[in-house]
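Down below is the structure, laid out as structure tokens.
The values are calculated or read from the model by the stated rules, or taken from the named source; none is laboratory data. Predicted model, so just to flag it, every value in this text is computed and none were measured. When we count neighbours, we look across all protein chains shown, and the Cβ atoms used for this are built from the backbone with ideal geometry, even at glycine.
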Amino acid sequence: MSPSETARDVASPAGAQDSAPAERPVITVEDVVIRYGTATAVDRVGLTVAAGETVALIGPNGAGKSSLVNAIMGLIRPAAGSVRVHGRAALVPEGRQLFPELDVEDNLRLGAWPLRSQGAKARDTTRVYEVLPDLADLRRRRAGTLSGGQQQMVAFGRALMADPEVLVVDELSLGLAPLITAALADHLRELNAARGLAVLLIEQNARLALDLCTRAYVLEAGRIRIEGPSRQLADSAEVAAAYLGGAAEPPGPEGDDG
Amino acid sequence: MSEFVQYLISGLAVGCGFALLGSGLVTIHRVTRVVNFAQGMFAVVAGLTAGSLLSAGLPHGVAEIVAVLAAGATGLLVGIAAIGRRGTSPQSALIITLGIGFLAYAIEIMIWGDNPHSFPGLGGAVDIAGAHLQKQYFLVIGAAALGFAALGLFFTRTYLGKALGACASNPYAARAVGINVTRMGLVAFTLGGMLGGVAGVLVTPLQSLSYNSDVLLITNGFAAAILGGLNRLGPAMLGGLALGVAESMVAGYYKASYQSVVALALMLAVMIWRASQHTALHEEAAR
């Protein structure tokens, strides 16, 4: 709509389909191979997340999802291939991974570690309390004493403190009550819609992931088996049989526990 | 009474040295899980360096500060050797620090010879409750108190201190938020070196140091640090002070040769107690 957006459209490759990412990428993974000893966890995987896009990575336990996340975050080095992150990626790790002895405020402040050269202002936590007001009442509580849902909220807040372009969420729903998961999913939607924050969601609950994200990859035994728009995947018999617990059905307005 | 005060104050002063060494051990172990056997060496390096600088004509204060910085640099070097290589386990790193401790003997003998060295501290004495007390004791206690306060503020008030705490609390999460855990380990080693250095420059005027004084220092520092499971600063500091006083009392009222037995006995008692706690916990968990 604005002139600058038009200019960007011109610069993007012509003939792109409406479902394909036309925006600049924030995460580009190309032909990545990850090995542990002789075992290959991830085998020539490619994946992109465009600015402002929500992408799901689904697949069974042991498919290599967490290995891929660790490679994207630079926590492990792939044996081959390349991982590029344009801008900043922040991680909401599997199992929350807070600093249990530190209080909520300090957990959040440490999320701004990548911005430490920008001084004390970058560590100001008020911007997170504005987005996640429930955390404000917990700011002096030690993170280890919080409930699972509260901890996941802190993990979100900590990731947001890095002012990321893309949020990598490793297992949003794991170990959380459905109501709490739904609330966190709403927060994610809101952050995506209001700020254009891109999201890469790694999730075992495929229904939740496909519902939340516009595009998805299915990772099985270290390889991308299917990729495409979420709606298309949700309708595919293959995905439905393996991950949605039965035959394909039109996605309802609310995800039920099928 | 005058004897008691004498032993108490001199014990506290020496205990400050143990407490500083113990805090250095804890600072390094919390972040890296490495038990640094070269910790006593930092004190020796600082004490001997300060002595040399003073005889070269540098004024008091400057010489001590330079010596503490030198100990910090030594700490950094030990850290690079111990944890600089990716994937070095804390157990391997422990052996590396032990080896460096012996290597340091050779270097120290080459520089300073194998005779004990000392340098004069704060001259003069005061009489309190009938006891004749060197002013240096009070300088040591005051300086150590300042050091502990600074260390406490560093860990609870500064961003770098919090990041070190984060590495201690959850290394994976620290890496996930972008903290370079190895670099933080090197910061911890540098800090540990400086703490050892402060102990060295404070204690040298009280008791002369030679290259192998590190054994006695590390024994006492370790006994102090293990009170807090090598992970807590408070118990390490209090343990060091208590140890200093207890040894001073044993030496004063009984025999000086028995004073290091106090540290060893305490260390053994704490380790046996902790081991039994661990076994109990494991048995509980196995059920």
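Based on what the data block shows, is B:Leu202 more than 23 Å from B:Gly17 (Cβ to Cβ), in a helix (DSSP H, G or I) and more than 14 Å from every other protein chain (Cβ to nearest Cβ)? Full working, then the answer.
Numbers: more than 23 Å from B:Gly17 (Cβ to Cβ): no; in a helix (DSSP H, G or I): yes; more than 14 Å from every other protein chain (Cβ to nearest Cβ): yes.
So B:Leu202 does not fit the description; no.
Can you tell me which of (1) surrounded by fewer than 19 Cβ atoms within 10 Å (Cβ to Cβ); (2) within 10 Å of chain B (Cβ to nearest Cβ); (3) in contact (Cβ under 8 Å) with a residue 40 or more places away in the chain is the one A:Val131 doesn't meet?
Among (1) surrounded by fewer than 19 Cβ atoms within 10 Å (Cβ to Cβ); (2) within 10 Å of chain B (Cβ to nearest Cβ); (3) in contact (Cβ under 8 Å) with a residue 40 or more places away in the chain, the lone unmet condition for A:Val131 is (2).
Would you point out which residue out of B:Ile218, B:Ile179 is more than 21 Å from B:Phe119 (Cα to Cα), of a type in the set (Val, Ile, Thr) and assigned to a helix (DSSP H, G or I)?
Values: B:Ile179 fails: assigned to a helix (DSSP H, G or I).
Result of the check over B:Ile218, B:Ile179: B:Ile218.
Which numbered condition in (1) in contact (Cβ under 8 Å) with a residue 40 or more places away in the chain; (2) surrounded by fewer than 18 Cβ atoms within 10 Å (Cβ to Cβ) is the only one that B:Val126 fails?
Of everything listed in (1) in contact (Cβ under 8 Å) with a residue 40 or more places away in the chain; (2) surrounded by fewer than 18 Cβ atoms within 10 Å (Cβ to Cβ), B:Val126 misses just condition (1).
Would you say A:Ala71 is within 14 Å of another protein chain (Cβ to nearest Cβ) and among the small types (Gly, Ala, Ser)?
Numbers: within 14 Å of another protein chain (Cβ to nearest Cβ): yes; among the small types (Gly, Ala, Ser): yes.
Against the criterion (within 14 Å of another protein chain (Cβ to nearest Cβ) and among the small types (Gly, Ala, Ser)), A:Ala71 qualifies.
Tell me which of these A:Ala80 doesn't satisfy, since it passes every other one: (1) modelled with pLDDT of 95 or more; (2) over 23 Å from B:Val177 (Cα atoms).
Failed condition: (1).
Right, A:Pro93: closer than 25 Å to A:Val26 by Cβ, surrounded by 15 or more Cβ atoms within 10 Å (Cβ to Cβ) and within 7 Å of chain B (Cβ to nearest Cβ) or not? Outline the logic, then answer.
On the way: closer than 25 Å to A:Val26 by Cβ: yes; surrounded by 15 or more Cβ atoms within 10 Å (Cβ to Cβ): yes; within 7 Å of chain B (Cβ to nearest Cβ): yes.
Yes: the conditions hold for A:Pro93.
Out of A:Val199, A:Val218, A:Val168, I need the residue that is at negative phi, touching a Cys at 6+ places or on another chain (Cβ under 9 Å) and in a strand (DSSP E or B). Which one?
It is A:Val199.
Can you name the residue in segment B:133-174 that is outside any helix (DSSP H, G or I) and among the polar types (S, T, N, Q) and is also nearest to the other protein chains (Cβ to nearest Cβ) among such residues? Walk me through it before giving the result.
Here is the first cut: in segment B:133-174, the residues outside any helix (DSSP H, G or I) are B:133-134, B:158, B:170.
From what's left, among the polar types (S, T, N, Q): B:134, B:158, B:170.
Values: B:Gln134: 41, B:Thr158: 11, B:Asn170: 5 Å.
Applying the filter and picking the extreme gives B:Asn170.
Select, from A:Gly52, A:Gly74, the only residue that is closer than 15 Å to A:Val166 by Cα and surrounded by fewer than 17 Cβ atoms within 10 Å (Cβ to Cβ). Walk me through it before giving the result.
Details: A:Gly52 fails: surrounded by fewer than 17 Cβ atoms within 10 Å (Cβ to Cβ).
The unique qualifying residue is A:Gly74.
Collect the residues in segment A:109-119 that are over 11 Å from A:Asp163 (Cβ atoms) and within 8 Å of chain B (Cβ to nearest Cβ), keeping them in residue-number order. Please lay out each step first, then the result.
We begin by selecting, within segment A:109-119, every residue over 11 Å from A:Asp163 (Cβ atoms); these are A:109-110, A:113, A:116-117, A:119.
Listed by number, the residues that qualify are A:Arg109, A:Leu110, A:Trp113, A:Arg116.
Taking segment B:182-197, which residues are in contact (Cβ under 8 Å) with a residue 24 or more places away in the chain and within 14 Å of chain A (Cβ to nearest Cβ)? Talk me through it step by step, then tell me what you get.
Taking segment B:182-197 and keeping what is in contact (Cβ under 8 Å) with a residue 24 or more places away in the chain, we get B:182, B:184-197.
Those that are in contact (Cβ under 8 Å) with a residue 24 or more places away in the chain and within 14 Å of chain A (Cβ to nearest Cβ): B:Thr182, B:Met184, B:Val187.
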